[in-house]
1. Lysines near Lys86 by alpha-carbon distance under 29 Å, same-chain residues fewer than 8 away left out - which ones?
2. What accessible surface, in Å², does a 1.4 Å probe find on Thr47, ignoring ligands, DNA and RNA and rounding to the nearest 10?
3. Full-extension gain between Asp116 and Val50, please, as 0.36 nm times their residue separation minus the C-alpha to C-alpha distance.
4. For Ala126 and Ala6 in one chain, what is 0.36 nm times their gap in residues minus the Cα-Cα distance, to one decimal in nm?
5. Under 24 Å Cα-Cα from Lys31, which lysines qualify once same-chain neighbours fewer than 8 residues away are excluded?
6. Run lengths n ≥ 4 of DSSP H only: what is the helix-derived mean residue ellipticity at 222 nm for the chain, with -39500 (n - 2.57) per run over all residues, to the nearest 500?
7. Which of Leu54, Ala27, Tyr96 sits closest to the plus end of the dipole of the chain, meaning its Cα is farthest towards the positive end, when Lys and Arg get +1 and Asp and Glu get -1 on the C-beta?
8. Using only Cα atoms, find the angle between the long axis of helix 2-65 and the longest principal axis of the chain, and express it within 0 to 90 degrees, rounded to the nearest 10.
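The values are calculated or read from the model by the stated rules, or taken from the named source; none is laboratory data. Predicted model, so just to flag it, every value in this text is computed and none were measured. All Cβ positions, glycine included, derive from the backbone under ideal geometry; neighbour counts span all protein chains shown. Keep in mind that these areas ignore ligands, DNA and RNA; they rest on the heavy atoms of the full protein, side chains included. Shrake-Rupley method; radii C 1.70, N 1.55, O 1.52, S 1.80 Å.
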Amino acid sequence: MLALEAENVGLCADNARLKAEKRNLWAEHRKAEAECRRLDGEVTRLTARVTELLSTIEALRRGSKRQAAPHSKGTHVEHPKRSGRKPGEGYGTRAYRKVPDHVDEVVEVPCPARCDCGGEVELDGALEQ
C-alpha cells in the first residue's frame, strides 16, 4: 500500500504542476488572441491605405497623360476677355506706314493682252499707287 500512496503523491504533484502549466498556457493563449485581433485590424487598415494610395497613383498617372489646354494657366476666370483685336473703338490706335518723302523708282507695269482664263482684257485707266 505504501507504494500506491507514494505513487498517488507523485501523481498529485504532477497534476498540480500540469494545472499551473495549463493556466499559464491559457494566459499566453489569451494574449496571443488579443495580439492576433490587433494585427487583423492593422492589416485591414493598411490594406485600405494601400488601396487608397494605388487609386491616387492611378489618378496621377492618368492626369499626366492628359494634355492641358494651351490657355489653361490655373484657376478659371469668371468672365474672360475675348482674344484678338477688338472691333470699333476697342481696336486701339490705328497705324499706317508714312508716305515716303521722295520716289526712288518708277515701275511701269504693262496691261496684258489676255487674262489667264484666255479672255480679252480692256484697259479702263491707269492709277498711281
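1. By straight Cα distance, Lys86 reaches Lys73, Lys98.
2. Thr47 has an accessible surface of roughly 80 Å² with all protein chains in place.
3. Fully extending the segment from Asp116 to Val50 adds 16.2 nm.
4. 28.4 nm
5. Candidates past the 8-residue exclusion: Lys19, Lys22.
6. The helix-only estimate for the chain comes to -19000 deg cm²/dmol at 222 nm.
7. In the chain, that residue is Ala27.
8. Here the helix axis deviates by roughly 0 degrees.
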